[in-house]
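The structure appears below as structure tokens.
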Amino acid sequence: MNEAKSRSNPEDRAAIEEVLAIYCIALDEMDLDRLAALFTADCRVDYGPDARLQSNGAADLRQSLERMWRWRRTSHHLSNVTIDFEDADTANVVSYVLAWHERPDLTSATVYGRYVDRFVRTTEGWRIAKRRMLMNGSDRAFTVDINPLERREAPAGWTAPDIDR
Amino acid sequence: MNEAKSRSNPEDRAAIEEVLAIYCIALDEMDLDRLAALFTADCRVDYGPDARLQSNGAADLRQSLERMWRWRRTSHHLSNVTIDFEDADTANVVSYVLAWHERPDLTSATVYGRYVDRFVRTTEGWRIAKRRMLMNGSDRAFTVDINPLERREAPAGWTAPDIDR
Amino acid sequence: MNEAKSRSNPEDRAAIEEVLAIYCIALDEMDLDRLAALFTADCRVDYGPDARLQSNGAADLRQSLERMWRWRRTSHHLSNVTIDFEDADTANVVSYVLAWHERPDLTSATVYGRYVDRFVRTTEGWRIAKRRMLMNGSDRAFTVDINPLERREAPAGWTAPDIDR
């Protein structure tokens, strides 16, 4: 990590973190106009391989996210934000999300994921130009086909220690 | 969002975020003196419509939160902080909380909520003058009557896509 | 809390928060080389009383954390960061972690904990010199013997209010 770069721009960091938080707030309120305004008009968003989980442009994303109404309630908790400024107007940002969803029948499904984003500075502030979601994991009730995170495999010959009670 | 305002004051942002974090740390330790000191003496706190979930003043809040001892253990995880400075000494702050609670019988209950706060700068630092908790949702084991979040309804005629496996 | 101290150094705060986030990112990817590089060569790490949960030095830690491969997938969500600068090159940092783990049989186990860290500034940036993990709580499926948090007891004569529905 290039710390000289990543440390710069505390005000830009705060502005980017605010966009990440408002995405969650607006999604849980289903305020899709506010949510779509966080993205560039020509954004590319990819939650998974299903074409219905991919969007070209903020208007398309806004319409696609109407799918979230199939949940009765949701709660998206963001953390682990890392920001790498490529230049003064572009940043590559990774964040974690714990996303809880409740169905109309009151069963729930939780996904533990991350957003891999490209932010750009526009005349209206920092906006998401590209978002790809990856899934660290989920409980078994969550069945949406989100892009899986690649995790390194144990080396050959590794054996598990008996550390659990 | 007025980004010029929200971007200002990185040191004030850090101080406000610290108060939010210490609230969680002190609550999970049941260090109620430390917790009450984060609020103004005349604070108003409202977790729900039940009078026992509302407090007038830090001393009242301190006493009311003794109710948390009915849980065996708790863990409050804060995220999604947005801060809007109204002026140099006042800020409207929204944050998310994932609050896990364990009963003496080892069953647990989790609530996914948000704090809607008014912070003021005092001679002792930033303090919470007003807090209202809203609930995005909860698991079925959580039965405290927290104020519900209002979520927009799907437009008439909306139909759910068949996107789950 | 000494706010004059804790408010200082917004760029150091960002660098320390980045180390905390990368620990989680690298652990969930099992990128143990990247993870070990976040610690000083002579670090002391203590997750629990079992000797296999304690490490002396980054190389020892790297090897010990191979134990995480006994999980199929993990997700570590960090929040509630507080930073107290002891001097310009040393900081005492507390953070919360919600750590979800999935076994090969697809059962899961979640721990709600905190990291109590000592950070030092090195020529390569801020590094963790000492980490002690405490457990606020866990679900019943989590059976690793993490150091428990001490929570204050209710005063004698306290009785639980009937506040749950």
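A:K130 fulfils the conditions (1) surrounded by 12 or more Cβ atoms within 10 Å (Cβ to Cβ); (2) closer than 27 Å to C:S108 by Cβ; (3) of a type outside the set (A, V, I, L, M, F, W, C) except for a single criterion, (2). Taken together, the residues in segment A:91-126 that are under 17 Å from A:V45 (Cα atoms) and exposed (fewer than 15 other Cβ atoms within 10 Å of the Cβ) amount to 1. Filtered by the rule that a residue be out of contact with any Leu (no Cβ under 8 Å at 6 or more places or on another chain), closer than 17 Å to B:I25 by Cα and open to solvent by less than 60 Å² (accessible area, probe 1.4 Å), segment C:138-153 gives C:S138, C:R151.
Hey, could you check segment A:48-57 for residues that are buried (at least 16 other Cβ atoms within 10 Å of the Cβ) and of a type outside the set (S, T, N, Q) and say which is nearest to A:I128 (Cα to Cα)? Spell out how you get there, then give the answer.
Going through segment A:48-57, the residues buried (at least 16 other Cβ atoms within 10 Å of the Cβ) turn out to be A:48, A:53-55, A:57.
Remaining after also requiring of a type outside the set (S, T, N, Q): A:48, A:53, A:57.
Details: A:G48: 17, A:L53: 17, A:G57: 11 Å.
The qualifying residue nearest to A:I128 (Cα to Cα) is A:G57.
The residue pairs whose first member lies in segment C:136-162 and is without any contact (Cβ under 8 Å) to a residue 60 or more places away in the chain and away from chain B (no Cβ under 11 Å), whose second member is assigned to a loop (DSSP other than H, G, I, E, B) and open to solvent by 90 Å² or more (accessible area, probe 1.4 Å), and whose beta carbons are closer than 6 Å, counting only pairs six or more residues apart or on different chains, are C:T143/A:R165.
Look through C:D50, C:D46, C:D31 and report the one residue that is farther than 24 Å from A:N136 by Cβ and within 9 Å of another protein chain (Cβ to nearest Cβ). Break it down into steps so the answer makes sense when it comes.
On the way: C:D46 fails: within 9 Å of another protein chain (Cβ to nearest Cβ); C:D31 fails: farther than 24 Å from A:N136 by Cβ.
Result of the check over C:D50, C:D46, C:D31: C:D50.
A:R73: open to solvent by 40 Å² or more (accessible area, probe 1.4 Å), at the interface with chain B (Cβ under 8 Å from one of its Cβ atoms), of a type outside the set (D, E) and touching an Asp or Glu at 6+ places or on another chain (Cβ under 9 Å), yes or no?
yes
Of B:E29, B:E3, B:E66, all but one fail to be modelled with pLDDT under 95 and open to solvent by 10 Å² or more (accessible area, probe 1.4 Å); the exception is B:E3.
With the structure loaded, tell me whether B:E17 is at the interface with another protein chain (Cβ under 7 Å from one of its Cβ atoms), open to solvent by 20 Å² or more (accessible area, probe 1.4 Å) and assigned to a helix (DSSP H, G or I) or whether it fails that test. Considered against the rule, which asks whether it is at the interface with another protein chain (Cβ under 7 Å from one of its Cβ atoms), open to solvent by 20 Å² or more (accessible area, probe 1.4 Å) and assigned to a helix (DSSP H, G or I), B:E17 comes out as no.
For the structure I just gave you, tell me whether B:V45 is in a strand (DSSP E or B), open to solvent by less than 10 Å² (accessible area, probe 1.4 Å) and out of contact with any helix residue (DSSP H, G or I) (no Cβ under 9 Å at 6 or more places or on another chain). Answer is no for this residue.
Looking at the structure I just gave you, is C:D60 farther than 22 Å from B:D28 by Cβ, open to solvent by 20 Å² or more (accessible area, probe 1.4 Å), charged (D, E, K, R) and free of Cβ contacts under 8 Å to residues at least 24 places away in the same chain? Yes; evaluated as a whole, the condition is true for this residue.
The values are calculated or read from the model by the stated rules, or taken from the named source; none is laboratory data. The model shown is predicted, which means the values in this text are computed figures rather than measured ones. Neighbour counts run over all protein chains shown; Cβ positions are idealised from the backbone, glycine included. Side chains included, ligands, DNA and RNA excluded: accessible areas come from the protein's heavy atoms. Shrake-Rupley method; radii C 1.70, N 1.55, O 1.52, S 1.80 Å.
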